[in-house]
Amino acid sequence: MKRNVLGALLLLLGLSGCNYPARAIPADRMEKLTTPTSTDVPAPPDSMEPLVLPSDTPAPSPTGSPTPTQDLTPASMQSAGGDLLCRFGPGLRYGVGGSLQAGTQVVITARNGAGDWFQFELPGFPGKYCWVFGNDVEMSGNLSALPIAEAPFSFVTNVSVLLDPLVFEPTTCVFPLTFNVTFSIETIGPTFVTFQRSQSNGLSAPSETVEFTESGAKVYEDYLQVDAAGEHWFRVSVSSPNAISGQGAGTVVCP
């Protein structure tokens, strides 16, 4: 009997639970549930490191070959063969200025602009410089530090004047008498030479300028007429590129 009563009570409770009305959801809550959430990604915190792309990463510097140590030894040279003639300037147009003895090592003091002629101070002659062609010598040391020297100043080294005959001894002194004159001007290298001729009889020629394309001498012919016995002279005076002169004399002896 008691079991029947307990079962009836349980059945009654189950039926009443099934018929219990559903509780309504508040409108404000419904709105929150139906509103889609934002898709924005939140900003990273300040402490986060920025993303570095592979292309932004600096490439490591390549390791090159070590730079060879520069030779700081002063440049020097010696003849590649026997005794070597040197020139007053950098080129065959300049006259011979001395020699470099075989086996003598000298310090190179300069080079020309083309880098094929080299200057040195003549041993035993302080302040006197000479030039040699690079193919004729063996060089060593720091050639890149050599200064470039300009071509030297070419000048006249000699003026000579000769009268023929030196002594005029005619059988009879009938004037005027004529001496033949030969004179020469010699330079150490290419240059322009300005000179003037003058005579003991008071006559003189206008100044004239000639070009020397290389070292050497130019020879000229002239004459000197005299109208009295005694000594007579003929002079050639150079004014440029340097001042130098030469004079020749002849004598007339009357019987």
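The values are calculated or read from the model by the stated rules, or taken from the named source; none is laboratory data. Since the model is a prediction, treat every value here as computed from it, not as a measurement. Cβ sites come from the backbone with ideal geometry, for glycine too, and all protein chains shown count toward neighbours. What goes into the accessible areas is simple: the full protein's heavy atoms, side chains included, and nothing from ligands, DNA or RNA. Shrake-Rupley method; radii C 1.70, N 1.55, O 1.52, S 1.80 Å.
Which count do you get for residues in region 78-135 that are part of a helix (DSSP H, G or I) and open to solvent by 70 Å² or more (accessible area, probe 1.4 Å)?
Total satisfying the criteria: 1.
Any residue at all in region 147-170 that's β-branched (Val, Ile, Thr), more than 26 Å from PHE192 (Cα to Cα) and not in a strand (DSSP E or B)?
Narrowing region 147-170 to residues β-branched (Val, Ile, Thr): 148, 156-157, 159, 161, 167.
Subsequent filtering for residues that are more than 26 Å from PHE192 (Cα to Cα) retains 167.
Filter once more, keeping what is not in a strand (DSSP E or B): none.
Within region 147-170, none of the residues are β-branched (Val, Ile, Thr), more than 26 Å from PHE192 (Cα to Cα) and not in a strand (DSSP E or B).
Counting only residues that are among the β-branched types (Val, Ile, Thr), open to solvent by 40 Å² or more (accessible area, probe 1.4 Å) and touching a strand residue (DSSP E or B) at 6+ places or on another chain (Cβ under 6 Å), which one in region 153-198 is farthest from TYR220 (Cα to Cα)? Reasoning before the result, please.
Kept after step one, since they are among the β-branched types (Val, Ile, Thr), are these residues of region 153-198: 156-157, 159, 161, 167, 171-172, 174, 178, 181-182, 185, 187-188, 191, 193-194.
With the extra rule that they be open to solvent by 40 Å² or more (accessible area, probe 1.4 Å), the set shrinks to 157, 167, 171-172, 174, 178, 182.
Narrowing further to those that are touching a strand residue (DSSP E or B) at 6+ places or on another chain (Cβ under 6 Å): 157, 167, 178, 182.
Working: THR157: 16, VAL167: 21, THR178: 17, THR182: 6 Å.
Ranking the candidates gives VAL167 first.
Being at negative phi and touching a residue at least 24 places away in the same chain (Cβ under 8 Å) is the requirement here; does ALA249 meet it? Before the answer, list the steps.
On the way: at negative phi: yes; touching a residue at least 24 places away in the same chain (Cβ under 8 Å): yes.
Yes: the conditions hold for ALA249.
Of all residues in region 206-244, which are open to solvent by 70 Å² or more (accessible area, probe 1.4 Å), in contact (Cβ under 8 Å) with a residue 40 or more places away in the chain and among the polar types (S, T, N, Q)? So that I can check it myself, show each step before the final result.
Taking region 206-244 as the starting set, the residues that turn out to be open to solvent by 70 Å² or more (accessible area, probe 1.4 Å) are 206-207, 209, 211, 213-214, 218-219, 221, 223, 225, 227, 231, 235, 239, 243.
Cutting the leftovers down to in contact (Cβ under 8 Å) with a residue 40 or more places away in the chain gives us 213-214, 221, 223, 225, 227, 235, 239.
THR213, GLN225, SER239, listed by residue number.
Looking at (1) at pLDDT 95 or above; (2) part of a loop (DSSP other than H, G, I, E, B); (3) under 24 Å from ALA145 (Cα atoms), which is the one condition that is false for THR67?
The single condition THR67 does not satisfy is (1).
I'd like to know if region 139-148 contains one or more residues that are more than 23 Å from VAL238 (Cβ to Cβ) and touching a Cys at 6+ places or on another chain (Cβ under 9 Å).
Within region 139-148, the first condition is being more than 23 Å from VAL238 (Cβ to Cβ), and the residues that meet it are 139-148.
Subset that is touching a Cys at 6+ places or on another chain (Cβ under 9 Å): none.
For region 139-148, residues more than 23 Å from VAL238 (Cβ to Cβ) and touching a Cys at 6+ places or on another chain (Cβ under 9 Å): absent.
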